[in-house]
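Each remark here refers to the structure printed beneath this line.
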C-alpha cells in the first residue's frame, strides 16, 4: 500500500472527486483527516471507509475559514502525530454571469472558496510538512481559466488559474525542504457540480477528445499519483487530466 501510515488531509471529501480520492487513499493505507461542510455526507464517507477497514476522522467546516484550516492540521498532528500530504480539493462554481453582471459578493465567495482557502490551508499545512522533512500538496484547479474560458465563469476561471500560480510558488519556496506542490486540472467530471441538463452534458462531453466526461475515481487516481512518491520528481506542474479537452478542436 503506497500510503501505508501516511497522514493525509482531504477537503471537499463529502462527494465527487474528494470522496473518490478518500476511498482510494484509505485503501492504500492512508490515515485520513476529512473536511467538508455537509456533516451527513462527510460522516457517510468516513463510516464507509472505517467499515472497510480504513482510518478516517472528520472535521466539519468551511475551507474559507482560517480557524478551520488550522483545526485540520491540529487534528492531523494530535490524532496521528503529523501530516504527510494534503489534497486541497474543495471548490465551487458560484453563480454564473457575464463579468459585468457578476456581483462583488459572488466574486468574493468564489475566490474565497477556491483560491483563498488554498492559501489558508497551505499556510498551516506547510509547517507540518516541514516538520516531517517532506510532503506533497495537490490543489484541484481546472482546465477552465488555464486552457480555455467559458462564458459566465469569470470568477471561477480566475480562482482556478490562481491555484496554478500558488502551487508553482510553493514548489520553488519549499522544494529545497523536500516538499512538492502541484495543481491538478481535471476535465469535465461526473459530479454534483456538473450541469444536470442533458443537452449541456452532451455539449461538455463533446469538448473532450475522448467524447465523454471523467468518472470521479479517474481524477482521484491522478491526485493519488501526485500525492505519492511515484511523482517524486513532479512539482510546480499544472497536471492535466482532462480527457483531451485542452487539445480537442473537434
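The values are calculated or read from the model by the stated rules, or taken from the named source; none is laboratory data. Keep in mind that this is a model prediction, so the values were computed, not measured. Backbone-built Cβ (ideal geometry, glycine too); neighbour counts: all protein chains shown.
Against the test of being touching a residue at least 24 places away in the same chain (Cβ under 8 Å), over 22 Å from residue 184 (Cβ atoms) and touching a helix residue (DSSP H, G or I) at 6+ places or on another chain (Cβ under 6 Å), the options 58, 79, 75, 93 yield a single qualifying residue, 58. Summed over the stretch 168-195, residues that are modelled with pLDDT under 85 and either in contact with a strand residue (DSSP E or B) (Cβ under 7 Å, 6 or more places away or on another chain) or crowded, with 17+ Cβ neighbours inside 10 Å (or both) total 1.
Every residue, every condition in (1) more than 21 Å from residue 222 (Cβ to Cβ); (2) touching a helix residue (DSSP H, G or I) at 6+ places or on another chain (Cβ under 7 Å); (3) in a strand (DSSP E or B), yes or no:
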| site | (1), (2), (3) |
| --- | --- |
| 121 | no, yes, no |
| 126 | yes, yes, no |
| 131 | yes, no, no |
| 151 | yes, no, no |
| 161 | no, no, no |
| 173 | yes, no, no |
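As a summary of the residue check, residue 100 satisfies the conditions (1) part of a helix (DSSP H, G or I); (2) within 16 Å of the chain's Cα centre (by Cα) except for the one numbered (2).
Residue 110 - would you say it is at negative phi, in a loop (DSSP other than H, G, I, E, B), modelled with pLDDT of 95 or more and buried (at least 20 other Cβ atoms within 10 Å of the Cβ)? No; evaluated as a whole, the condition is false for this residue.
Scanning the stretch 61-71 for residues that are touching a residue at least 40 places away in the same chain (Cβ under 8 Å), under 18 Å from residue 42 (Cα atoms) and either surrounded by 24 or more Cβ atoms within 10 Å (Cβ to Cβ) or over 17 Å from the mean Cα position of the chain (by Cα) (or both) yields 63, 69. Note on the stretch 219-233: residues that are in contact (Cβ under 8 Å) with a residue 24 or more places away in the chain and either in contact with a strand residue (DSSP E or B) (Cβ under 6 Å, 6 or more places away or on another chain) or under 21 Å from residue 208 (Cβ atoms) (or both) amount to 7. Taken over the stretch 42-52, the criterion of being touching a helix residue (DSSP H, G or I) at 6+ places or on another chain (Cβ under 8 Å) and surrounded by fewer than 20 Cβ atoms within 10 Å (Cβ to Cβ) is satisfied by 48, 52. Among residues that are surrounded by fewer than 19 Cβ atoms within 10 Å (Cβ to Cβ), within 20 Å of residue 247 (Cβ to Cβ) and in contact (Cβ under 8 Å) with a residue 12 or more places away in the chain, residue 205 is included. Restricting to the stretch 117-133, name every residue that is surrounded by 18 or more Cβ atoms within 10 Å (Cβ to Cβ) and farther than 20 Å from residue 80 by Cα. Within the stretch 117-133, 117, 118, 120 meet the criteria.
Set side by side, the residues 91, 64, 82 differ, and just one is within 22 Å of residue 4 (Cβ to Cβ) and part of a loop (DSSP other than H, G, I, E, B), which is 82.
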